[in-house]
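Comments concern the structure below.
The values are calculated or read from the model by the stated rules, or taken from the named source; none is laboratory data. Since this is a predicted model, take the numbers as computed values, not measurements. Cβ coordinates were reconstructed from backbone atoms using ideal geometry, including for glycine residues, and neighbour counts include every protein chain displayed. Ligands, DNA and RNA are excluded from the accessible area calculation, which covers all protein heavy atoms including side chains. Shrake-Rupley method; radii C 1.70, N 1.55, O 1.52, S 1.80 Å.
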Amino acid sequence: MTLLVIIIILAFIFDYINGFHDAANSIATIVSTKVLTPFQAVLWAAVFNFAAFFIAKYIIGEFKVANSVASSVFEQFITLKVILCGLVAAITWNLFTWWLGIPSSSSHTLIGGFIGAAVTASGGNIEVINYHKVLPTVYFIVLAPLIGMAVAFIITLIIVNICRKANPYRAESWFKRLQLASSAALSLGHGSNDAQKVMGIISAAMVSAGYITNIKAMPDWVPLACFTCIALGTMSGGWKIVKTMGTRITKVTPLEGVAAETSGAITLFLTEHLGIPASTTHVITGAIMGVGATKRLSAVRWGVTVSLLWAWVLTIPISGLLAALTYFIVNLFI
């Protein structure tokens, strides 16, 4: 019972860290275009992060992403110790990348830690991995930013062509208003996708401890608490990553902000519909690159994006190694 309580507390801490680590995803463009101040932006994003609970619960009616995360390792290999070590590894990597200002994926670090701990606990048996659930996530390391980039590129071109004869000052005023809506949609997608990952981990722990039989029996307080934690984390902001996302990749105008955020929201709702725990970070980074590329390829600082790609590729294996090391240490005491 004590270990389960510790895991749930750590899961909420991870969810909170996920919120402020990923706050940049929702607010970077709206802050860089000066539509909202940083404080207004995090409040705006947090409200819609939490509102995503009601959409997932009462409109969509199921938590597909949570189920995918909980099923990334076969049930018979899931123990409370495995979940504990996976969470410790995920929290460690998230804090490290936040400190460096690198927008890495909270989703992938959680899955990498979970798998790394399970493989270590089974003596290196990779058969513990449910590839049917994990491989789509791996594919979307590449596909998510590409989809975000392509959709943003197309949306930007459509908007530019529709508004080519519009008064520039009036058009910018309208796009600043529209960016509030596009930012809200992105925050809804972010909250719905990311909060569910922690729900999956908590559900897996409760199943392992024998408190529930499967994820569908998850008590209502779990999703409510997860959405609350990620919203509170978003309110704390992640200013180092905001700088990377909002200014270092490319300069973003209100028009481009609308295109990037709309593209990100579309991609996130698509992955949620498919039950794939995609990275919000990857999606919005690809979208920002897409709007930058509509001006000219040199408008995107590709050197920055190459650095980000390395972080994305390394997140799952490093999180897995951290979880393995954590398991060896924890195993000495528990």
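Overview of results
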{"read-out": "Leading residue by the ranking (modelled with the highest pLDDT) among those in the stretch 281-313 that are open to solvent by 70 Å² or more (accessible area, probe 1.4 Å) and part of a helix (DSSP H, G or I)", "value": "Val313"}
{"read-out": "Selection status of Val242, in contact with an Asp or Glu (Cβ under 7 Å, 6 or more places away or on another chain) and either in a helix (DSSP H, G or I) or modelled with pLDDT of 80 or more (or both)", "value": "no"}
{"read-out": "Every residue from the stretch 98-125 that is over 19 Å from His190 (Cβ atoms), assigned to a helix (DSSP H, G or I) and at pLDDT below 90", "value": "Trp99, Leu100"}
{"read-out": "Scan of the stretch 10-69 for residues that are in contact (Cβ under 8 Å) with a residue 12 or more places away in the chain, closer than 20 Å to Thr267 by Cα and part of a loop (DSSP other than H, G, I, E, B), ordered by number", "value": "Asp22, Phe63"}
{"read-out": "Filter pass, Ala52 being at pLDDT 85 or above, farther than 30 Å from Ile329 by Cα, open to solvent by less than 10 Å² (accessible area, probe 1.4 Å) and touching a Phe, Trp or Tyr at 6+ places or on another chain (Cβ under 7 Å)", "value": "yes"}
{"read-out": "Pick from the stretch 205-219, criterion under 24 Å from Ala278 (Cα atoms) and outside any helix (DSSP H, G or I), ranking: least open to solvent (accessible area, probe 1.4 Å)", "value": "Met218"}
{"read-out": "Sole residue being within 17 Å of Gly264 (Cβ to Cβ) and assigned to a helix (DSSP H, G or I), chosen from Ile230, Ile202", "value": "Ile230"}
{"read-out": "Index of the failed condition, Leu10 passing every other in (1) open to solvent by less than 10 Å² (accessible area, probe 1.4 Å); (2) modelled with pLDDT of 85 or more", "value": "(1)"}
{"read-out": "Qualifying residues in the stretch 154-186 (those that are within 29 Å of the chain's Cα centre (by Cα), surrounded by fewer than 16 Cβ atoms within 10 Å (Cβ to Cβ) and of a type in the set (Val, Ile, Thr)) - the one farthest from Phe114 (Cα to Cα)", "value": "Ile158"}
{"read-out": "Options Phe20, Phe54, Phe96: the member that is of a type in the set (Phe, Trp, Tyr) and more than 20 Å from Ser192 (Cα to Cα)", "value": "Phe96"}
{"read-out": "Leading residue by the ranking (farthest from Leu186 (Cα to Cα)) among those in the stretch 133-153 that are open to solvent by 80 Å² or more (accessible area, probe 1.4 Å) and either among the acidic types (Asp, Glu) or without any contact (Cβ under 8 Å) to a residue 60 or more places away in the chain (or both)", "value": "Tyr139"}
{"read-out": "Glu261 surrounded by 24 or more Cβ atoms within 10 Å (Cβ to Cβ), of a type in the set (Asp, Glu), more than 26 Å from Phe74 (Cα to Cα) and modelled with pLDDT under 85", "value": "no"}
{"read-out": "Lone unmet requirement of (1) modelled with pLDDT of 85 or more; (2) over 18 Å from Ser319 (Cβ atoms) for Glu62", "value": "(1)"}
{"read-out": "Residue match in the stretch 248-258 (condition: assigned to a loop (DSSP other than H, G, I, E, B), at pLDDT 80 or above and surrounded by fewer than 24 Cβ atoms within 10 Å (Cβ to Cβ))", "value": "no"}
